[in-house]
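Report on one structure; see the data block that follows.
The values are calculated or read from the model by the stated rules, or taken from the named source; none is laboratory data. Note that the structure is predicted; figures quoted are calculated from it, not measured. We place every Cβ from the backbone using ideal geometry, glycine too, and count neighbours over all the protein chains shown. Note: accessible area is taken over every heavy atom of the protein model, side chains too, but ligands, DNA and RNA are not part of it. Shrake-Rupley method; radii C 1.70, N 1.55, O 1.52, S 1.80 Å.
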Amino acid sequence: MRRHALIQPRGRRRRRSGIALLVAMSTILVLTVVVTELTYTARVRFVLAAHEKERAQAYWVSQTGINIYKLLLTANKEMEKNSAMGSIAGSFGINLGDALWQWVPVINTGLMRMLFAAGGDAGDIEEEDIEAFKSSGKVSDEVEEESRTGGLFDDKNFLDFDGDFTAEVTDEDSKLNLSLLGNTTGTVQESAIGQQLFGLMAGEENDQWFRDRNIERWDIIANLKDWVDADSMGSGRSGGQEDGLYNNLDSPYLSKNAPLDTFDEVRLVEGWQDDVMERFGQQITIHGKGKVNINTASDEVLIALLKAYVLPAPPDAECIRLLQQIREYMWFASFNDGKDFSDYLQNQGLTVSDQLAGQIGDSSKTFRVVSTGLVGDTTVQTTAIIDYNNSAAGK
């Protein structure tokens with residue numbers, strides 16, 4: 001009995017010791033999980049904060065490219081107003097209103113640092129630095145440091161920042177303007193922009209492309225008109241209510257019946273989804289007054305104008321021949337206006353529609369600037385449309 005009494009307390013102590021060990025291990029495990037979670041959360045917040053900081057920096061770096069081009073474009077438009085300068089440039093076949101920005105279609109941090117290093121004196125830059133920049137587009141550490149602390153100013157200049165930007169400019173007036181469809185009276189086939197769009201989509205290769213997809217060109221052009229005009233009646237072959245094209249979609253919506261606000265909105269219009277936009281989207285715009293700058297128009301737009309306004313519409317081979325002649329002429333001179341271009345075509349023995357001259361301009365006043373800022377691993381792309389139609393400083 002005594003022996004049994006002596007053993008009993010020891011067993012209880014062992015059981016109490018096991019429970020204490022289990023409680024201690026559980027507490028350590030819980031604390032480990034809590035500390036790990038807190039550490040992970042803190043790390044995530046730190047990374048997010050650092051990313052947001054880089055994103056904000058990259059945005060403002062991209063704005064540098066926008067502002068440089070706005071300065072350059074504004075200077076170009078001021079030069080255009082100078083009649084004396086314009087007359088001198090015109091005698092050499094140069095359209096001063098489009099000269100400056102075309103000479104600098106792309107600008108980036110490396111180019112700016114090369115220009116501003118050592119006070120803009122290229123003679124102070126080592127020749128190997130110039131060659132390295134030509135091959136890689138990047139400047140050496142020495143050139144970068146000089147561009148930060150020297151340049152055109154006594155103290156640090158505006159290139160004293162971390163990160164890089166690359167910006168490029170294109171003119172919207174070199175494209176076909178869809179906004180004109182809102183002013184169309186009569187049928188879409190009778191409208192100037194309707195004829196231009198059909199000309200853009202014409203040609204043997206395009207004929208086959210549309211046949212393969214069972215798309216009727218005049219129908220999708222009419223759908224654009226229905227989207228922006230004020231009435232609710234369809235202009236295509238099927239007629240009926242405009243909203244009927246969108247009521248049966250998985251996420252139905254109504255036809256807008258108002259001008260386009262953004263270019264991406266075009267993709268909401270029936271028939272203007274992926275394939276069509278990928279094929280023709282680069283040649284159309286919703287910005288500007290609508291007259292095509294013949295001196296900066298792309299080959300596709302020039303051929304569209306030939307198809308739309310030369311009577312009868314020339315076949316593809318003839319369009320290519322005429323395009324080559326036009327490009328050769330433009331190496332030495334610019335077209336002064338729509339009448340000048342129309343007269344040129346008539347001098348080639350062509351019959352030209354009277355409407356052509358009124359659809360052509362000789363200078364661009366609406367521009368798209370796309371600037372990409374890079375800071376660390378973060379990039380931000382900013383797109384700006386700058387309009388000089390109603391503002392000398394650009395709106």
Taking 0.36 nm per intervening residue step and subtracting the Cα-Cα distance, what contour gain separates D250 from N67 on full extension?
61.6 nm
Square roots of five times the C-alpha gyration tensor eigenvalues of region 244-395, ordered largest first and given in whole Å, equal 33, 23, 16
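Could you tell me what percent of the accessible area of region 210-321 is made up of carbon and sulfur, with a 1.4 Å probe and every protein chain present?
Heavy-atom surface of region 210-321 belonging to carbon and sulfur, 1.4 Å probe: 49 percent.
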May I ask you to list the chymotrypsin sites (Phe, Trp or Tyr not before Pro) in region 306-395 that are in a DSSP loop and have at most 12 other Cβ atoms within 10 Å of their Cβ?
W331, F332
What FRET efficiency would be calculated for the residue pair V106, E37, taking the C-beta separation as r and a Förster radius of 35 Å, to the nearest 0.05?
0.15
Along region 277-283, Karplus-curve 3J(HN,Hα) (6.51, -1.76, 1.60; θ = phi - 60°) to the nearest Hz, with x for Gly and Pro, reads 5, 5, 7, 10, x, 6, 9
Within region 313-349, whose backbone N sits under 18 Å from a point 7 Å along Cα→Cβ of S298?
320, 323-324, 327
Using the heavy atoms of the protein chains alone and a 1.4 angstrom probe, what is the accessible area of region 239-335 per residue in square angstrom?
52 Å²
Extended-chain gain in nm, criterion 0.36 nm per residue less alpha-carbon gap, T27 and A357:
110.2 nm
Full extension between A333 and R55 adds, at 0.36 nm per residue less the Cα distance, a length in nm of 95.6 nm
Nearest-0.05 FRET efficiency for F46 and Q381 at R0 = 35 Å, using Cβ-Cβ distance, is 0.85
Given the C-alpha centroids of region 185-258 and region 349-364, what is the distance between them in whole angstrom?
25 Å
